[in-house]
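First the structure, in the form of structure tokens, and then the observations on it.
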Amino acid sequence: IMGAVLLLGVKFLAVRAGATLHEQDLLIVTITYALLFSLLIINTLSYVLSRFVADMVYVKKYDRILPSFYGSVSILLAIGAPLWAYFLYRNSLPLNYSVLIFVLFCLGIVVWTQISYITDIKQYSTIIYGFTGGIILSLLTGFVLTQSGHEVISSLLGSVCLGYGIIMVIYSFV
């Protein structure tokens, strides 16, 4: 639901800023692809990670959970980042869009992995608060940037990256 709110908000801001239909579609498709493919990458390890965290919580070896998080994020980024970079290279997007979409993809991997771990330790409200805060700040930033005359697509992609960065930071304190 929160992802749909983000996409609808970004679409609304793009329309309000005067983006063409092509630019609106490009924006929504690139955000959706980056988040969808980052979710697909994390799902390759999701079950194993979930079992590991549950086992460590059960045997009260909490000191092993955080290193496994860092290791899993490193592995997922090492696999996903080159694949995503190649995908972006094969498309004819401007460099600034590609860089922002690449950053969003990498943030997506970290955030989805964090959500997996947070879910395993049953801190569900943290997920909702983090996403809500990140989305609100993302949309506010996008509004300010587009209303101050900055280029629409870069402004909105950058604001979504900022929102996911904020979500990542919030989840880092769990």
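Express the carbon and sulfur contribution to the solvent-accessible surface of the range 66-174 as a percent, rounded to the nearest whole number, probe 1.4 angstrom. Heavy-atom surface of the range 66-174 belonging to carbon and sulfur, 1.4 Å probe: 74 percent.
Rounded to the nearest whole Hz, the Karplus-based 3J(HN,Hα) values (6.51 cos²θ - 1.76 cosθ + 1.60, θ = phi - 60°) of the range 14-19 follow the sequence 5, 4, 4, 7, x, 5, with x at glycine and proline. Here r is the Cβ-Cβ distance between SER148 and ASN96 and R0 is 25 Å; the resulting FRET efficiency, rounded to 0.05, is 0.90.
With Rg and Dmax of the Cα atoms in Å as the read-out, I listed (i) 16.7, 49; (ii) 25.2, 97; (iii) 17.0, 56; which label goes with the value calculated from this structure? Label (iii) holds the value from this structure.
Averaging the Cα positions of each part gives two centres, and for the range 54-75 and the range 24-48 these lie 24 Å apart. Using the Karplus relation 6.51 cos²θ - 1.76 cosθ + 1.60 with θ = phi - 60°, the per-residue 3J(HN,Hα) values for the range 161-171 come to 4, 4, x, 5, x, 5, 4, 4, 5, 4, 5 Hz, with x marking Gly and Pro. Segment LEU83..ASN43, full-extension length gain: 12.9 nm, with 0.36 nm per residue of separation and the alpha-carbon distance subtracted.
Computed about the Cα centre, the dipole magnitude for the chain is approximately 340 debye when only Lys and Arg (+1) and Asp and Glu (-1) carry charge, each at its Cβ. Here the Gaussian network model covers the chain, with springs between Cα atoms less than 10 Å apart; of SER92, SER159, SER68, SER92 fluctuates the most.
Estimated from helical segments only, the mean residue ellipticity of the chain at 222 nm is -29500 deg cm²/dmol, where each DSSP H run of four or more residues counts as -39500 (n - 2.57). Solvent exposure of the chain, expressed per residue, is 54 Å² of accessible area, with all protein chains present and a 1.4 angstrom probe.
When each of the peptides 162-169, 54-61, 9-16, 117-124 is scored by how many other beta carbons lie within 10 Å of its residues on average, the order from highest to lowest is 162-169, 9-16, 117-124, 54-61. Taking each residue as 0.36 nm, the span from LEU8 to PHE173 lengthens on full extension beyond its C-alpha to C-alpha distance by 56.6 nm. The phi torsions of the range 67-83, fed into the Karplus equation with coefficients 6.51, -1.76 and 1.60 and a -60° offset, translate into couplings of x, 5, 5, 4, x, 5, 5, 4, 5, 5, 5, 5, 7, x, 4, x, 5 Hz, rounded to whole numbers, with Gly and Pro shown as x.
The values are calculated or read from the model by the stated rules, or taken from the named source; none is laboratory data. If you're wondering where the values come from, they're calculated on a predicted model, not measured in any experiment. As a convention, Cβ positions derive from the backbone with ideal geometry for all residues, glycine included, and neighbour counts pool all protein chains shown. We work out accessible area using only protein heavy atoms, side chains counted, and drop any ligands, DNA or RNA first. Shrake-Rupley method; radii C 1.70, N 1.55, O 1.52, S 1.80 Å.
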